[in-house]
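Since the structure comes first, as structure tokens, the remarks are kept for the end.
The values are calculated or read from the model by the stated rules, or taken from the named source; none is laboratory data. Since the structure is predicted, the reported quantities are computational estimates derived from the model, not experimental observations. Glycine gets a Cβ as well: all are built from the backbone with ideal geometry, and neighbour counts include every protein chain shown.
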């Protein structure tokens, strides 16, 4: 039997010819597996190690995490929307210029001794208008208009009258100017609050809410990074546990084969040892799979360009510290109620709904407005003469003032909206209370779990120490022919479980501390970070 294996790598290809008999089929299969593995290794990109401490991960996440970048933009949007809401008080200035031409046909009026004569009217008008409002219910509108009218009248249809004008055509013109200031002051409805000011109050609340949402997202991101970092430590250490177990299994298989040769063990003992060896290989493969999944999860929190990390292998530099921590439940409650951004958001939502109630209450009142109008006018044939001066000096004033009152007879719409706004505020208050209760419950559960999980750190450490000692003793007994292989396998399994349990206890304890710092709003202080949102 001839088998030709062709292996390719970056430098080229080579062939290997092998001849085997029927007894060599197993070796053939092994070589095929080796060839496949070699080919896979040459096609995969090299792995570059990247050392990361927990603080490094925080720095990366704060700069590159996609959720944080989105929240930053939300804050900027809220600020821009608040700035835009003030635009309602910006004065509006308008200019207009018009030119007109009109042909007036001759007409007969029975009330006059003569007819109207044909004429052409040309008008030019220039106007300005400045209007706006102030944030206490005052509206103003200042306008000015200057106009010129030129009329050409044809009297040639009446020869006797036409002799009064050169060629029978009369040309006349006039100039007018008007300045006018209109004012309105709301005294009840729309006085202390109106739709525009309600929008401003809501936009201010939205900005504060978005700032707290950003703070909460930062806390959430830090917690997610810290938990992912600890979980990656756990999966890395679990791989090491399985690798140590694999060493034990291989050594035990070798020892069992030597004892079979010496007559101290049976083929069944070897079969049992091989079964456990294969089971450990399976668990090791699973542990490595979980490790790489955990690594990818951590990387996804640190970057907005996951592809650039494809050739990176994270190497964690921090170790787990399982130190006792004194926790005061009352202090944690107080801290959570005062520092949790989501609770501050809920309070801002109550404040926002309060502004709506205030506005809806104002809308129940009738319209009671003071109105006034003051202006001046001038008229003259010379455009630059008294007409313009008279208008702006108010030599010929005109004015008016008064009170305007209006209201719907039943006002059902405004009253219904007011009741609905009060109900919405009550809902916001209840949601705040519910959120506070949920946070306090979360803090209480975590405070209780801290001591329990720390005790698990000690007990699992002791269990692992005892399991190592027990396995050493049982292995010696097996070598002396006193214990069976099954008993050794059970002690090996117990040691593996104890090592895994110790790792999990340390990770869970550190996770609980991180979750408690998040729950009571001190995760930034715990990691020596400060945040100022402007």
When residues of segment 475-523 are limited to those that are within 30 Å of residue 215 (Cα to Cα) and not in a helix (DSSP H, G or I), the one nearest to the chain's Cα centre (by Cα): 521
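Look at segment 120-165 and say how many of its residues are farther than 30 Å from residue 369 by Cα and assigned to a loop (DSSP other than H, G, I, E, B). Walk me through it before giving the result.
Residues of segment 120-165 that are farther than 30 Å from residue 369 by Cα, as a first pass: 120-126, 146-165.
Cutting the leftovers down to assigned to a loop (DSSP other than H, G, I, E, B) gives us 155-158, 163-165.
Of the residues in segment 120-165, 7 are farther than 30 Å from residue 369 by Cα and assigned to a loop (DSSP other than H, G, I, E, B).
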Residue within segment 98-119 that is in the same structural domain as residue 158 (by TED's automatic domain parsing), in a strand (DSSP E or B), surrounded by 14 or more Cβ atoms within 10 Å (Cβ to Cβ) and touching a residue at least 24 places away in the same chain (Cβ under 8 Å) present: yes
Of all residues making up segment 261-273, the number that are part of a helix (DSSP H, G or I) and touching a helix residue (DSSP H, G or I) at 6+ places or on another chain (Cβ under 6 Å): 4
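Does segment 291-313 contain any residue that is assigned to a helix (DSSP H, G or I) and touching a strand residue (DSSP E or B) at 6+ places or on another chain (Cβ under 6 Å)? Working first, answer last.
Filtering segment 291-313 down to residues assigned to a helix (DSSP H, G or I) leaves 291-302, 306-309.
If we keep only those that are touching a strand residue (DSSP E or B) at 6+ places or on another chain (Cβ under 6 Å) too, we end up with 295.
Yes: segment 291-313 contains one or more residues that are assigned to a helix (DSSP H, G or I) and touching a strand residue (DSSP E or B) at 6+ places or on another chain (Cβ under 6 Å).
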Which numbered condition residue 426 misses (of (1) out of contact with any helix residue (DSSP H, G or I) (no Cβ under 6 Å at 6 or more places or on another chain); (2) under 18 Å from residue 520 (Cβ atoms)): (2)
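From the list 232, 222, pick out the single residue that is modelled with pLDDT of 95 or more, in contact with a strand residue (DSSP E or B) (Cβ under 7 Å, 6 or more places away or on another chain) and buried (at least 21 other Cβ atoms within 10 Å of the Cβ). Steps first, answer last, please.
Values: 222 fails: in contact with a strand residue (DSSP E or B) (Cβ under 7 Å, 6 or more places away or on another chain).
Testing whether each residue is modelled with pLDDT of 95 or more, in contact with a strand residue (DSSP E or B) (Cβ under 7 Å, 6 or more places away or on another chain) and buried (at least 21 other Cβ atoms within 10 Å of the Cβ) leaves just 232.
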Enumeration of residues in segment 176-205 that are surrounded by 21 or more Cβ atoms within 10 Å (Cβ to Cβ) and under 18 Å from the mean Cα position of the chain (by Cα): 205
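A quick yes/no check of all residues on (1) without any contact (Cβ under 8 Å) to a residue 40 or more places away in the chain; (2) over 30 Å from residue 124 (Cα atoms):
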{"position": "147", "(1), (2)": "yes, no"}
{"position": "151", "(1), (2)": "yes, no"}
{"position": "173", "(1), (2)": "no, no"}
{"position": "180", "(1), (2)": "no, no"}
{"position": "183", "(1), (2)": "no, no"}
{"position": "193", "(1), (2)": "no, yes"}
{"position": "196", "(1), (2)": "no, yes"}
{"position": "205", "(1), (2)": "no, yes"}
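Does any residue of segment 258-277 turn out to be touching a strand residue (DSSP E or B) at 6+ places or on another chain (Cβ under 6 Å) and surrounded by 19 or more Cβ atoms within 10 Å (Cβ to Cβ)? Lay out the reasoning, then the answer.
From segment 258-277, those touching a strand residue (DSSP E or B) at 6+ places or on another chain (Cβ under 6 Å) are none; that's our starting set.
Looking through segment 258-277, none of the residues is touching a strand residue (DSSP E or B) at 6+ places or on another chain (Cβ under 6 Å) and surrounded by 19 or more Cβ atoms within 10 Å (Cβ to Cβ).
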Test set (1) within 25 Å of the chain's Cα centre (by Cα); (2) surrounded by fewer than 15 Cβ atoms within 10 Å (Cβ to Cβ) - residue 406 fails condition number: (1)
